[in-house]
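Peer 1: I have a structure here, written as structure tokens, and I will follow up with some questions on it.
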Amino acid sequence: QVQLVESGGGLVQVGGSLRLSCAAAGNIFSIRRMGWYRQAPGKQRELVAGITSVGTTNYADSVKGRFTISRDNAKNMVYLQMNSLKPEDTAVYYCDADSIATMKSVPFTSWGPGTQVTVSS
């Protein structure tokens, strides 16, 4: 079992910045991919950004140029630096991780409980 815990959310004004962190712990042999999703009220959860174990990244078009995802493989952590925040970035942000418990295990996806980000205008 893998536990993910996000931190760093909060209230920020338009144009401000926040840095989210997510720590993974538990029965981890390796984490192949980590990512951030968000869900605004009344909307479906959407991918914000993802990063592989070798550092390949992908972003939603709506955050390209403003958000940066990074990870520390040694610490099993992933980060999301969010700059130039807009009201439409307001959502609960969730961290996810695709990991394996042993070299021969089937990969599985774990989710954190989420952290609220609110951008006020």
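Peer 1: Can you send over the solvent-accessible area of Arg45, 1.4 Å probe, protein chains only, in Å² to the nearest 10?
Peer 2: Rounded to the nearest 10, that gives 90 Å².
Peer 1: Follow-up question, since we're still on this one. Find the lysine pairs in the chain meeting two conditions, Cα atoms under 28 Å apart and a separation of 8 or more places or different chains, and report how many there are.
Peer 2: The result is 5.
Peer 1: Something else now. What part of the accessible area of the chain, given as a whole %, is carbon or sulfur when the probe is 1.4 angstrom? Don't jump to the answer; show the numbers that get you there.
Peer 2: Values: 3260 of 6360 Å².
Carbon and sulfur together cover 51 percent of it.
Peer 1: Nearest 20 debye, what's the magnitude of the dipole of the range 6-64 about its Cα centre given +1 on Lys and Arg Cβ and -1 on Asp and Glu Cβ?
Peer 2: Charge dipole of the range 6-64: 80 debye, to the nearest 20.
Peer 1: A follow-up question, please. Taking 0.36 nm per residue of separation and subtracting the Cα-Cα distance, what length does fully extending Trp111 through Asp72 add?
Peer 2: Net length gain for the segment: 12.3 nm.
Peer 1: Answer with one residue from Ile31, Val78, Val5: the one whose Cα lies farthest towards the positive end of the charge dipole of the chain, charges on Cβ with Lys, Arg +1 and Asp, Glu -1.
Peer 2: Ile31
Peer 1: Taking a probe of 1.4 Å, how large is the accessible area per residue of the chain, in Å²? Display every interim value, and only then the final one.
Peer 2: Details: 6360 Å² over 121 residues.
It amounts to 53 Å² per residue over the chain.
Peer 1: For the ranges 77-84, 107-114, what's the packing order if you count other beta-carbon atoms within 10 Å of each residue, average per peptide, and put the highest first? Mind dumping the intermediate values first?
Peer 2: Working: 77-84: 19.6, 107-114: 14.8.
The densest-packed peptide leads the list: 77-84, 107-114.
Peer 1: Rounded to the nearest 0.05, what FRET efficiency is calculated for Ser53 and Arg19 with R0 set to 22 Å and r the Cβ-Cβ distance?
Peer 2: 0.55
Peer 1: Magnitude of the Cβ-charge dipole of the chain, K/R +1 and D/E -1, about the Cα centre, nearest 20 debye?
Peer 2: Magnitude of the dipole: close to 160 debye.
Peer 1: If you rank Thr102, Thr52 by how much accessible surface each has, with a 1.4 Å probe, what is the order from largest down? Write out the running numbers ahead of the final one.
Peer 2: Working: Thr102 70, Thr52 45 Å².
Order by accessible area, largest first: Thr102, Thr52.
The values are calculated or read from the model by the stated rules, or taken from the named source; none is laboratory data. Computed from a predicted structure; not experimentally measured. Counting neighbours? That spans all protein chains shown, and the Cβs are built from the backbone with ideal geometry, glycine included. Side chains included, ligands, DNA and RNA excluded: accessible areas come from the protein's heavy atoms. Shrake-Rupley method; radii C 1.70, N 1.55, O 1.52, S 1.80 Å.
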